[in-house]
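Asks: Okay, handing you the structure first.
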């Protein structure tokens, strides 16, 4: 049986080592995937479970996944580097055509806004509330210091000893579905028409890092920094921002708060642009819905397959993932994620059959 996709080892993934898309080859017989760092921890936990199964279950296939960003993942799938890709959005052509790309909803999670900030008394600020409009102006560079009156006036911030420290915006330098979803959220919830792309256009000049783990590390290293990353990559060295949702509550990112949002009626609708979604499986997120107890920057991360490959082994892993991992991320130790629900899991299984 022909094996497709040579990539980085699972060890590289488990250590959170995102690459620029170039990875050491695995032994023949392995199945390699790569893409969104947003779902990397989920994939790490799932592939470890899969690889440990008896050969009667995993058919002797060993799977790896490396977090290289959504855009690099789709490109790698298109050129044969990967047998499957992870992506947080549809993106653009990126080496895939409408006729040969098949998307399936795999897992959902929140995108955390993170800060590293010391107060005027040199103690770590462990709680910070932001509204979408203020967050937008911070990321655009219109608000440049943490003692800005608009930040201080937000409910919950009035008692904080916010310093005059300059704000350093840390964004993604790679093509990132997380960046695209964040900009989409901001465009839908603020007065600024954020440019819709997976690049960091529109963000203030600051620090640009490749991959979510690098963003978290940079924010943790710079006093006054703000950035964004999947919840699973955040550490205690940074503070999770509570964002005001449409219901008026300030909510921190969590798997529960993400589940509250993505499972609410009307938040997700099938994407029907026939020019780029011939095979279905993609959902548009309405980031403006008012949902009690919900964290609004929550969205689906997809697995992507390509027709025309020898997909027998890919189907084995994807069907296992949907049945044993996507149905209960917490059950495999990926507690920062939530299931997309039974309806979308049924859609995903039907998508796998199209490969």
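Throughout, read-outs are computed from the coordinates displayed, never taken from laboratory work. None of these values were measured; they are calculated from a predicted model. Ideal geometry is used to build each Cβ from the backbone, glycine not excepted, and the neighbour counts take in all protein chains shown.
Asks: Using a 10 Å cut-off on Cβ atoms, rank the peptides 153-166, 180-193 from the highest mean neighbour count down.
Replies: Top to bottom by mean Cβ count within 10 Å: 180-193, 153-166.
Asks: Per 0.36 nm of contour for each residue apart, how much would the distance between residue 272 and residue 256 grow if the chain were fully extended, relative to their Cα-Cα spacing? List each step's numbers first, then the result.
Replies: Working: separation 16, 0.36 × 16 = 5.76 nm, distance 2.85 nm.
Extending this stretch completely gives an extra 2.9 nm.
Asks: If you don't mind, another one. Rg (Å, one decimal) plus Dmax (Å, integer) for the alpha carbons of the stretch 111-262?
Replies: For the stretch 111-262, the Cα radius of gyration and maximum Cα-Cα distance read 14.2, 40 Å.
Asks: What FRET efficiency comes out for the pair residue 246/residue 221, r = Cβ-Cβ distance, R0 = 30 Å, nearest 0.05?
Replies: 0.35
Asks: What is the angle, in °, between the Cα long axis of helix 212-221 and the longest principal axis of the Cα atoms in the chain? Nearest 10 is fine, range 0 to 90.
Replies: The angle comes out near 30 degrees.
Asks: Whole Å is fine, so just give me how far the alpha carbon centre of the stretch 105-164 lies from that of the stretch 72-92.
Replies: 34 Å
Asks: Based on alpha-carbon centroids, what's the gap between the stretch 212-243 and the stretch 336-355 in Å, whole number please?
Replies: 30 Å
Asks: I want to verify a result. In a Gaussian network model of the chain, Cα cutoff 10 Å, which of these has the top mean-square fluctuation: 258, 52, 217?
Replies: Largest GNM mean-square fluctuation: 52.
Asks: Could you work out how far apart the two model spin labels at residue 149 and residue 353 are, taking each label as a point 7 Å from the Cα in the direction of the beta carbon, and quote it in nm?
Replies: 6.2 nm
Asks: How would you order 81-91, 131-141 from highest to lowest mean count of nearby Cβ atoms within 10 Å?
Replies: Highest-to-lowest ranking by the protection proxy: 81-91, 131-141.
Asks: For an R0 of 25 angstrom, estimate the FRET efficiency from the Cβ-Cβ distance between residue 99 and residue 197 and round to the nearest 0.05.
Replies: Step by step, r from the Cβ atoms, then E = 0.60.
Asks: If each of residue 205 and residue 159 carries a label point 7 Å out from its Cα toward its Cβ, how far apart are those two points in nm?
Replies: For residue 205 paired with residue 159, the spin-label model returns 4.0 nm.
Asks: So between residue 327 and residue 284, what do we pick up on full extension, going 0.36 nm a residue minus the alpha carbon distance?
Replies: Full extension of this stretch gives 13.4 nm more.
Asks: With axes computed from alpha carbons, what is the tilt in degrees of helix 342-352 against the longest principal axis of the chain, rounded to the nearest 10 within 0 to 90?
Replies: 50 degrees
Asks: What is the gain in length, in nm to one decimal, between residue 126 and residue 79 on full extension, counting 0.36 nm per residue of separation less the C-alpha to C-alpha distance?
Replies: 12.5 nm
Asks: Then there's this: With the radius of gyration and the Kirkwood radius both derived from the Cα set of the stretch 241-355, what is their ratio Rg to Rh?
Replies: 1.01
Asks: What is the packing order of peptides 323-331, 54-62, taking the mean over residues of other C-beta atoms within 10 Å and listing the highest first? Before the final figure, lay out the partial values.
Replies: Numbers: 323-331: 17.4, 54-62: 13.8.
Top of the packing list down: 323-331, 54-62.
Asks: Based solely on its DSSP helices, what 222 nm [θ] is calculated for the chain when runs of n ≥ 4 H residues each add -39,500 (n - 2.57) and the sum is averaged over all residues, nearest 500 deg cm²/dmol?
Replies: Values: 11 runs with 95 residues, N = 355.
My calculation for the chain gives -7500 deg cm²/dmol from helical runs alone.
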